[in-house]
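The block underneath contains the structure these notes are about, expressed in structure tokens.
Values quoted throughout were computed directly from the atomic coordinates according to the rules given, and no laboratory measurement underlies them. All values derive from a computational prediction rather than experimental measurement. Note that we place each Cβ from the backbone using ideal geometry, even for glycine, and neighbour counts take in every protein chain shown.
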Amino acid sequence: MIDLLKTLAVLAAVVIMLRRRWHLGMVMALGAVLLAFSYLTPPLRFLAGAWTALTSAKALEMTATLVFTMIMENILRTTGTLRRMVASLSEILPDTRLIMAAMPAMIGMLPSPGGAVFSAPMVRESSAHLALPPDQKAFINYWYRHIWEYVSPLYPGIILVAGLSRIPYQKIVMANAVFAVSVVVWGALFCFRGVGPAPVPRGETVGKGRALRTFILSVAPILATLVLVVVLRVNPVVAMGGMTVLLFMAHRYGPAKIVTTLRESVSFKALSLIFGIMIFQETLRLTGALDGISHFFAASGLPTLVIITAIPFLAGVMTGLTVAFVGITFPILMPLMGGDIPSLGLISLAFGSGFAGVMLSPVHLCLVLTREYFEADMARVYRRLWFPQALVLAAAAVPVYIFS
């Protein structure tokens, strides 16, 4: 019981700091310090643990993956590739509903904090001839923006899950794929309720053949990376590093331009997310808090599924960040999911539940920015959002049944 109380106190402090908009990396590092202090961990032992966490092979791999993600996003955005991708798609698809869904989905293939704002004008423009209320437009943009976070190696959340659980990324994708499919299916039913087939107004066109070629060329770097990692099982660092080099060569970046791109892309604040989370995880191991909490819950009589569902969901709602709920809750829940050999089904359930919390979080940046752009009433957006999100979470029954 004492382990649970200490850890809950630290988690409460972490949540308070996050709600005050402190940076997540710093918050997690401070959380580790508070946890070590509560267990009277000797300072040198704590520092040695932090060093071990930062220099482990898994930490270095996650850091490199995040670096290449930021560089790729910068290249595709600054060269106009993302813009051409969406413009060509508008000429290929025959129905406005498909375009409205595809635009945020395409932008969402890369993790960019401003992505929701980038796709919102496209959703508004493509729906200009439709009488849609602001809350429905906001819902469409927000919903389809978040298909890929369940499965894409370009998002740090799922890479962090793979690192913490020591389960290969490809297996986690297999288990989580049901969530991504559910987003598409339920989105088709709920996002476009009351909207019939809507032909796309055509202005000056270049022809579908040329538009298709433009789209394929624009999306090729992203798809190639996904194929390398998911299908061919290439290490994400190797795949993304190689694709970054190819992009530099394809766009004829000189040394000065490469240096500028690196300076613009690589943010220490972003890297500190991984650093802080890894230190927090190692501190949980050093203090023995994990074992104590596991023993307490095992003796509490509460169903394991309830615990694994509720804790990530609450963390997701409170933080609005995938890496936050993963970093805060997965180290605590890992012993309940099987310890050194965690259940893939339970890992998927915890991730799906936590991300459902993120999607419903009032502090989720994408939700806040989308609502502001469309000047939509937040209560109306929530009325559209909560039920389909609950249905997506219900799909967790599939991986739990198959993989547990």
Task: Most mobile listed residue (His129, His146, His364) in the chain, GNM with C-alpha springs under 10 Å - done: His129
Task: Acute angle (nearest 10 degrees) that the helix 156-165 long axis makes with the longest principal axis of the chain, alpha-carbon atoms - done: 30
TODO: Can you find, among Leu314, Val392, Ile402, the residue farthest towards the positive end of the dipole of the chain? Put +1 on the C-beta of Lys and Arg, -1 on that of Asp and Glu.
DONE: Val392
Task: Listed residues Ala128, Ala138, Met334: farthest to the positive end of the dipole of the chain (Cβ charges) - done: Ala128
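Helix-only estimate, please: 222 nm mean residue ellipticity of the chain, summing -39500 (n - 2.57) across DSSP H runs of length 4 or more and dividing by its residues, to the nearest 500. The partial results should precede the final answer.
Details: 21 runs with 304 residues, N = 404.
Taking each H run of at least 4 residues, the total per residue is -24500 deg cm²/dmol.
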Task: Of Phe248, Val368, Gly25, farthest towards positive along the dipole that unit charges on Lys, Arg, Asp, Glu beta carbons give the chain - done: Phe248
- [ ] Mind putting a number on the dipole of the chain about its Cα centre? Charges go on the C-beta only, +1 for Lys and Arg and -1 for Asp and Glu, and I need it in Debye to the nearest 20.
- [x] 660
Task: Proportion of all alpha-carbon pairs of the chain beyond 40 Å (%) - done: 17
Task: Nearest-ten-degree value, helix 169-190 long axis tilted from longest Cα axis of the chain - done: 50
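What's the exposure ranking of Phe139, Phe268, Phe403, going from fewest to most Cβ atoms within 10 Å?
Working: Phe139 29, Phe268 8, Phe403 16.
Listing Phe139, Phe268, Phe403 from fewest to most nearby Cβ atoms yields Phe268, Phe403, Phe139.
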- [ ] Considering only lysines 8 or more places apart in sequence, or on different chains, count the pairs in the stretch 2-403 whose C-alpha atoms sit under 30 Å apart.
- [x] 7
- [ ] Mind telling me which of Val181, Val173, Val245 comes out most flexible in a GNM of the chain, alpha-carbon contacts under 10 Å?
- [x] Val245
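Between Arg210 and Leu8, 0.36 nm times their residue separation minus their Cα-Cα distance comes to what?
Working: separation 202, 0.36 × 202 = 72.72 nm, distance 5.73 nm.
Here the answer is 67.0 nm.
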Open item on the list: I want to verify a result. In a Gaussian network model of the chain, Cα cutoff 10 Å, which of these has the top mean-square fluctuation: Phe296, Phe68, Phe179?
Closed with: Phe296
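Sum up the charges of everything whose Cβ sits under 12 Å from the Cβ of Met70, counting Lys and Arg as +1 and Asp and Glu as -1, but leave Met70 out.
Here the count lands on +1.
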Task: Highest-first arrangement of 42-48, 281-287, where packing means the average Cβ count within 10 Å - done: 281-287, 42-48
- [ ] Give the angle, between 0 and 90 degrees and rounded to the nearest 10, that separates the Cα long axis of helix 344-360 from the longest principal axis of the Cα atoms of the chain.
- [x] 60
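Once you charge only the Cβ atoms, +1 for Lys and Arg and -1 for Asp and Glu, what is the size of the charge dipole of the stretch 251-404 about its Cα centre, to the nearest 20 debye? Intermediate results must be reported in sequence, preceding the final value.
Values: 9 positive and 7 negative charges, 96 e Å.
That gives a dipole near 460 debye.
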